[in-house]
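The values are calculated or read from the model by the stated rules, or taken from the named source; none is laboratory data. What you see is a predicted model, and the numbers here were worked out from it, not measured in a lab. Every residue, glycine among them, receives a Cβ derived from its backbone with ideal geometry; neighbour counts consider all protein chains shown. Please note that ligands, DNA and RNA were not included when accessible areas were found on the heavy atoms of the full protein model with its side chains. Shrake-Rupley method; radii C 1.70, N 1.55, O 1.52, S 1.80 Å.
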Amino acid sequence: MLALAAEGFAMLGERAQAGQLYTLVSELIDTGAVVLWPLFRFTQTIAGITAAAACRWEAAEGHFQIAMQQAETYPQRLEQAEIHRFHAMMLIDRGAPGDREKAQTLLREALKSYTQIGMPRHIEMTRALLN
């Protein structure tokens, strides 16, 4: 439920609530949990989402990097696309020099994957972020 709540708050734009869950998600990672079933969402992805919501940019970057390494190792194409999209959203929110360009690259990768997988709603969300 923690992962669902964290992602749900983030997608609804309730950043404060998502950010407040970062400590709990960090504790979950400390238990050794890597993947949440049946969601097949990496705990590091959820940590990146909640860290970004809490404006803990460096922590978010680190979590997204670990999550991507895990997603490439398994390999998990859908999770890779999701990590790209959530990481891009973090970069857009942070707005540091070069973030917009990096976000565009990540979003194009996510869009390509969502198109190959056949996920119309995710394609729509990603295109909206690209514009």
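Take the residues of segment 17-49 that are of a type in the set (Ser, Thr, Tyr) and more than 12 Å from the chain's Cα centre (by Cα): which is surrounded by the fewest Cβ atoms within 10 Å (Cβ to Cβ)? Selected residue: Thr31. The listed residues are Gln80, Gln104, and the only one of them that is out of contact with any helix residue (DSSP H, G or I) (no Cβ under 6 Å at 6 or more places or on another chain) and assigned to a helix (DSSP H, G or I) turns out to be Gln104.
If the condition is being of a type outside the set (S, T, N, Q) and touching a residue at least 24 places away in the same chain (Cβ under 8 Å), then segment 120-131 contributes His122, Met125, Leu129, Leu130.
Which of the residues that make up segment 57-102 are modelled with pLDDT of 95 or more, open to solvent by less than 50 Å² (accessible area, probe 1.4 Å) and of a type in the set (S, T, N, Q)? Passing the criteria: Gln70, Gln80. Cβ-Cβ under 7 Å, sequence separation 6+ or interchain: first residue in segment 56-68 and farther than 15 Å from Arg41 by Cα, partner open to solvent by less than 30 Å² (accessible area, probe 1.4 Å) and part of a helix (DSSP H, G or I). Which pairs? Short answer, once both residue conditions are applied: Arg56/Tyr22; Ala59/Ala51; Ala60/Gly48; Ala60/Ala51; Ala60/Ala52; Ala60/Met90. Remark: pairs (first residue in segment 15-37, closer than 19 Å to Phe86 by Cα and at pLDDT 95 or above; second residue among the charged types (D, E, K, R) and surrounded by 13 or more Cβ atoms within 10 Å (Cβ to Cβ); Cβ separation under 7 Å; 6+ apart in sequence or on different chains) = Tyr22/Arg56.
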